[in-house]
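**Q** Quick one: this structure, given as structure tokens, is what I'll be asking you about.
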Amino acid sequence: MLLDENKMLLDENEILEKWDSEGNHLFVVYENSEAPKELQKLNLLSGWGFSAAIKYNNKKILFDCGWSNSIECNNLHALNIPNKFDYIIITHMHWDHMGALSAIVDENPDAVIYLPVDFSDHLTKELEKQVKKVYRLSGKEGPVEILDKFYVTGDIKGFGSVGEQAVIFKANNFNLLIVGCMHPSLKPLYRLASKALIPTAIIGGVHGFKDVDYLYKTKIKNLFLGHCTAHLELFQDLDGIQSQNIFPGFFLEL
């Protein structure tokens, strides 16, 4: 199903009311690209990295947190999203996805954190002192359901040396795969996520991925791409697949 692009750019007043409204939704909090002119008054900052805030079944989830404490906290405040989360998910150990973690955990002692299995032992022990519970997940165990129809895949290395995990969950009309950098490439992450739900949309960074032939073999119909994606232009005019670039303040109704 192709999604309506007009519902993904809210005006400034809508944004300030949306996080606490009824229903499930996602905001991109941290992104390299600048926010569009329609959102300039919110003073959203851009920076290298990725982070998304998700409200799902009345639970609040932070997916990655960029690298800068000041940018992450500024953008949460600008989007009227309190720094209060039930779950924190870190995809991999690169600085641009976990650098602002200290600013997040300081305000969330009751949160549960999901880390990739190869996350630093030392940092894991430090996090265990600050939050309710810390899990390190391996993709060998398959996706772990942390909420109804909301799964963390666990760490998988795929074709590269960097282990990474993703999230797959059921929205109203699509199954959304959220990726940080997609270092393992699409095929292994898609196969792993499909053990829980078959992805029909992706949001996040996909690094150097450009295998359009494989993309057409999947059920994916919507791409929301940014951060480290090297070939954004490649996905702009694909038959039957809608692609849109993301930015701080990008919104998805789930």
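The values are calculated or read from the model by the stated rules, or taken from the named source; none is laboratory data. Source: prediction; values computed, not measured. Ideal geometry is used to build each Cβ from the backbone, glycine not excepted, and the neighbour counts take in all protein chains shown.
**Q** Confirm whether I146 is outside any loop (DSSP other than H, G, I, E, B) and surrounded by 22 or more Cβ atoms within 10 Å (Cβ to Cβ).
**A** no
**Q** If you go through the stretch 163-203, how many residues are within 18 Å of F250 (Cα to Cα), in a strand (DSSP E or B) and touching a Gly at 6+ places or on another chain (Cβ under 9 Å)?
**A** So the count comes out to 4.
**Q** I would also like to ask the following. Hey, could you check the stretch 175-184 for residues that are under 14 Å from F150 (Cβ atoms) and hydrophobic (A, V, I, L, M, F, W, C) and say which is surrounded by the most Cβ atoms within 10 Å (Cβ to Cβ)? Let's see the steps before the verdict.
**A** Quick first cut of the stretch 175-184, residues under 14 Å from F150 (Cβ atoms) only: 175-178.
Adding the requirement that they be hydrophobic (A, V, I, L, M, F, W, C) leaves 176-178.
Numbers: L176: 24, L177: 28, I178: 26.
So, considering only residues that are under 14 Å from F150 (Cβ atoms) and hydrophobic (A, V, I, L, M, F, W, C), the one surrounded by the most Cβ atoms within 10 Å (Cβ to Cβ) is L177.
**Q** Look through K195, K187 and report the one residue that is in contact (Cβ under 8 Å) with a residue 40 or more places away in the chain and either surrounded by fewer than 23 Cβ atoms within 10 Å (Cβ to Cβ) or basic (K, R) (or both).
**A** Working: K187 fails: in contact (Cβ under 8 Å) with a residue 40 or more places away in the chain.
Unique residue meeting the criteria: K195.
**Q** Among the residues of the stretch 67-101, write down those that are farther than 21 Å from Y151 by Cα, surrounded by 14 or more Cβ atoms within 10 Å (Cβ to Cβ) and either modelled with pLDDT under 95 or polar (S, T, N, Q) (or both).
**A** S68, N69, N74, N75, N80, N83, H94, D96, listed by residue number.
**Q** Sort through I220, I246 and tell me the only one that's surrounded by 18 or more Cβ atoms within 10 Å (Cβ to Cβ), of a type outside the set (S, T, N, Q) and touching a Pro at 6+ places or on another chain (Cβ under 8 Å).
**A** Within the list I220, I246, the selection yields I220.
**Q** State yes or no: is D155 in contact (Cβ under 8 Å) with a residue 12 or more places away in the chain, crowded, with 23+ Cβ neighbours inside 10 Å and among the acidic types (D, E)? Don't jump to the end; show me each part of the working.
**A** Details: in contact (Cβ under 8 Å) with a residue 12 or more places away in the chain: yes; crowded, with 23+ Cβ neighbours inside 10 Å: yes; among the acidic types (D, E): yes.
Yes.
**Q** Got a sec? Which of H227, H207 is in contact with a Ser or Thr (Cβ under 8 Å, 6 or more places away or on another chain) and either surrounded by fewer than 23 Cβ atoms within 10 Å (Cβ to Cβ) or assigned to a loop (DSSP other than H, G, I, E, B) (or both)?
**A** Working: H227 fails: in contact with a Ser or Thr (Cβ under 8 Å, 6 or more places away or on another chain).
Result of the check over H227, H207: H207.
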